[in-house]
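Novice: If you scroll down you'll find the structure; I have some questions about it.
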Amino acid sequence: MKKIKTALLSYGMSGKVFHAPFLELHDGFELTGSWERSKKLIQTDYPNVKSYASLEELLADDIELVVVNTPVETHYEYAKKALLAGKHALVEKAFTTTAAEAEELNAIAKEKGLKLTVYQNRRWDSDFLTVKQVVDQNLLGDIVEAEFHFDRYNPLLSPKTHKETVNAGAGVLKDLGSHIIDQALYLFGYPEAVHGDVRITRENSLVDDWFDISLYYPDKRVRLKAGFFVREAIPAYIVHGKKGTFLKQRGDIQEDVLKTGAKPNRTDWGTEAAEKEGLLHTEIDGEVLRKNIPTLQGNYYALFDGVYEAIAENKTEPVTAEDGIKTMKVIDAAYASSEQKKIIQL
C-alpha cells in the first residue's frame, strides 16, 4: 500500500486527539511530524517523527498531505501556502472565514490537480449516521421539517484565546455551527434561502455563542441551533416526515474516548451505549410502529480512508471543497440575515 507522507500544522488537542491516532492506525499514511511553535510534544507520543520549527521547513520536506488544524482565521493562509507548495490539504472546520476564501482555495487546488478535503468528521458520528440511515430508508415518508441541535451547558469562556477574542474565525457559528450545517446540507441538499439569528449570551463574551438558523427548501424547513445555556438538552436530532418522527439524542462517544488517550481500532470503535438509541414512531405498510432503532457505529476512520483513496486512487474527496464552500455560504448568509433582520436568498 502506498504510504502518503503527512504532516500536521499543530499538535494541540486536535492533532493529538483527532488526527494523529487515525493517521497511525491507517496503513496508507506515514505521520512525518508537526509544526510546533513553542511546546515540543509530538515526539513524546511519536518518537520517530519530526518537530518542524516553521511552516517553511515543513513545506520544504517531501510531504504529500498537510493537515491544516490551526485556528480558523489561519486556515485560508496556511492552506493556500500548502497548495501552492504542491501539497494536498485536509483543512479543519470551519473551512475558511468566508465563502470567497473557500472558493479561491478550491480554484488553486483544481488548477494544480491537488486534493482539498474539509475535515467534517461529524458526518461519521454514530448519532448522525443513524439519522441519515432512517431518512435514506424513507422510514418517515417525505420530510416536512427537521431540527438539529449542538447544545451545551458551559457558561465559562474558553481558555483558548483564539476562540474568545474578536477575529474572523471566532464564534460558535463557525465552530459548532459548521458541523450541523454540513450535516444538514449533506442530508437535505443546498437550501434556497437562509434566516439567521446570532447572539452573545455569556457574560463578558466578545464572540457569538448562540445561533438559530432556518434553512428554506421548497418542501421542508430545517432548523439549526446551538447555545451554551442548555442544562437539560432536548434530542439533538428531530426529524418529522409525513408518515412519522425520529428522535435521537447526541450520543457519539468517539471524541470523549479519544480524549482519554485511547487509540481507535477497526472493529468495535465508536459503539454507543444501547440506552441512547433513537426513537422511531412511524407507519410502515399500514402498521403504526413505535420502537427504538439500534445506533450505527461511529467511525472517523472512514474520513481518513476517503482522504487516502482520493489521493492514492484519484477518487472524489470524502468532504469536497465544494461542500465546504456551500457551508461557508450558509454561514455568511446567517450572519448577514442576523445583521439585516431578513431572509437571505442563496
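The values are calculated or read from the model by the stated rules, or taken from the named source; none is laboratory data. Note that the structure is a prediction, hence the values are computed from the model and not measured. Heads up, the Cβs are rebuilt from the backbone with ideal geometry, glycines too, and the neighbour counts pull from every protein chain shown. Quick note on the areas: whole protein, heavy atoms, side chains included, nothing else; ligands and nucleic acids left out. Shrake-Rupley method; radii C 1.70, N 1.55, O 1.52, S 1.80 Å.
Novice: Would you please name the residue that is farthest from the chain's Cα centre (by Cα), looking only at residues in the stretch 23-46 that are part of a loop (DSSP other than H, G, I, E, B) and either closer than 19 Å to Val118 by Cα or touching a residue at least 40 places away in the same chain (Cβ under 8 Å) (or both)? Let's see the steps before the verdict.
Specialist: Initial filter on the stretch 23-46 (part of a loop (DSSP other than H, G, I, E, B)): 26-28, 36-41, 46.
Those left that are additionally either closer than 19 Å to Val118 by Cα or touching a residue at least 40 places away in the same chain (Cβ under 8 Å) (or both): 26, 28.
Values: His26: 20, Gly28: 22 Å.
That would be Gly28.
Novice: Can you confirm whether Ala20 is free of Cβ contacts under 8 Å to residues at least 60 places away in the same chain and open to solvent by less than 10 Å² (accessible area, probe 1.4 Å)?
Specialist: Details: free of Cβ contacts under 8 Å to residues at least 60 places away in the same chain: yes; open to solvent by less than 10 Å² (accessible area, probe 1.4 Å): yes.
Judged against the criteria, Ala20 is a match.
Novice: Determine the pairs where a residue that is at pLDDT below 90, located within the stretch 156-177, has a partner that is open to solvent by 30 Å² or more (accessible area, probe 1.4 Å) and not polar (S, T, N, Q) with Cβ atoms under 6 Å apart, the partner being 6 or more residues away or on another chain.
Specialist: Listed by first residue and then by second, the contacts come to His162/Pro71.
Novice: Can you give me the number of residues within the stretch 96-120 that are in contact with a strand residue (DSSP E or B) (Cβ under 9 Å, 6 or more places away or on another chain), within 18 Å of Gly306 (Cβ to Cβ) and either at pLDDT below 95 or of a type outside the set (Val, Ile, Thr) (or both)?
Specialist: Filtering the stretch 96-120 for residues in contact with a strand residue (DSSP E or B) (Cβ under 9 Å, 6 or more places away or on another chain) gives 102, 105-106, 108-110, 114-119.
Next, from what is left, pick out any that are within 18 Å of Gly306 (Cβ to Cβ): 106, 109, 114-119.
Adding the requirement that they be either at pLDDT below 95 or of a type outside the set (Val, Ile, Thr) (or both) leaves 106, 109, 114-116, 119.
Within the stretch 96-120, residues that are in contact with a strand residue (DSSP E or B) (Cβ under 9 Å, 6 or more places away or on another chain), within 18 Å of Gly306 (Cβ to Cβ) and either at pLDDT below 95 or of a type outside the set (Val, Ile, Thr) (or both) number 6.
Novice: Name the pairs whose Cβ atoms lie under 9 Å apart, with the first residue in the stretch 209-234 and on the phi < 0 side of the Ramachandran plot and without any contact (Cβ under 8 Å) to a residue 24 or more places away in the chain, the second part of a loop (DSSP other than H, G, I, E, B) and surrounded by 16 or more Cβ atoms within 10 Å (Cβ to Cβ), and 6 or more positions between them or separate chains?
Specialist: Asp212/Gly227; Ser214/Pro191
Novice: Can you work out which of the residues in the stretch 308-328 that are closer than 15 Å to Asp175 by Cα and not aliphatic (A, V, I, L, M) is surrounded by the most Cβ atoms within 10 Å (Cβ to Cβ)?
Specialist: Within the stretch 308-328, the subset closer than 15 Å to Asp175 by Cα is 324, 327-328.
Going one step further and asking which of them are not aliphatic (A, V, I, L, M), we end up with 324, 327.
Numbers: Gly324: 29, Thr327: 31.
Only one residue tops the list, namely Thr327.
Novice: Can you find a residue that is under 21 Å from Asp151 (Cβ atoms), out of contact with any Asp or Glu (no Cβ under 6 Å at 6 or more places or on another chain) and of a type in the set (Lys, Arg) anywhere in the stretch 329-337?
Specialist: Scanning the stretch 329-337, I find no residue that is under 21 Å from Asp151 (Cβ atoms), out of contact with any Asp or Glu (no Cβ under 6 Å at 6 or more places or on another chain) and of a type in the set (Lys, Arg), so the answer is no.
Novice: Output the residues belonging to the stretch 307-344 that are in contact with a helix residue (DSSP H, G or I) (Cβ under 9 Å, 6 or more places away or on another chain) and among the β-branched types (Val, Ile, Thr).
Specialist: Thr316, Val319, Thr320, Ile325, Thr327, Val330, Ile331, Ile343, Ile344
Novice: Being surrounded by fewer than 19 Cβ atoms within 10 Å (Cβ to Cβ) and within 17 Å of Gly241 (Cα to Cα) is the filter here, so list the residues in the stretch 178-193 that pass it.
Specialist: Phe188, Gly189
Novice: Just checking: which of the strands (runs of 3 or more DSSP E) contained wholly in the stretch 207-271 hold 3 or more residues that are open to solvent by 30 Å² or more (accessible area, probe 1.4 Å) and not aromatic (Phe, Trp, Tyr)?
Specialist: 221-226
Novice: Restricting the search to the stretch 332-346, which residues are part of a helix (DSSP H, G or I), of a type in the set (A, V, I, L, M, F, W, C) and either without any contact (Cβ under 8 Å) to a residue 24 or more places away in the chain or more than 18 Å from Ser178 (Cα to Cα) (or both)?
Specialist: Within the stretch 332-346, none qualify.
Novice: OK, next. Could you tell me whether any residue of the stretch 153-164 is outside any helix (DSSP H, G or I), crowded, with 18+ Cβ neighbours inside 10 Å and either over 19 Å from the mean Cα position of the chain (by Cα) or of a type outside the set (S, T, N, Q) (or both)?
Specialist: Step one: of the stretch 153-164, the residues outside any helix (DSSP H, G or I) are 153-160.
Of the ones still in play, those that are also crowded, with 18+ Cβ neighbours inside 10 Å are none.
No: the stretch 153-164 contains no residue that is outside any helix (DSSP H, G or I), crowded, with 18+ Cβ neighbours inside 10 Å and either over 19 Å from the mean Cα position of the chain (by Cα) or of a type outside the set (S, T, N, Q) (or both).
Novice: Continuing with this model, one more query. Does the stretch 291-307 hold any residues that are buried (at least 21 other Cβ atoms within 10 Å of the Cβ) and not in a loop (DSSP other than H, G, I, E, B), and which are they?
Specialist: Correct list: Leu303, Phe304, Val307.
Novice: Of the residues that sit in the stretch 94-110 and are surrounded by fewer than 24 Cβ atoms within 10 Å (Cβ to Cβ) and of a type in the set (Ser, Thr, Tyr), which one is farthest from Gly15 (Cα to Cα)?
Specialist: My answer is Thr98.
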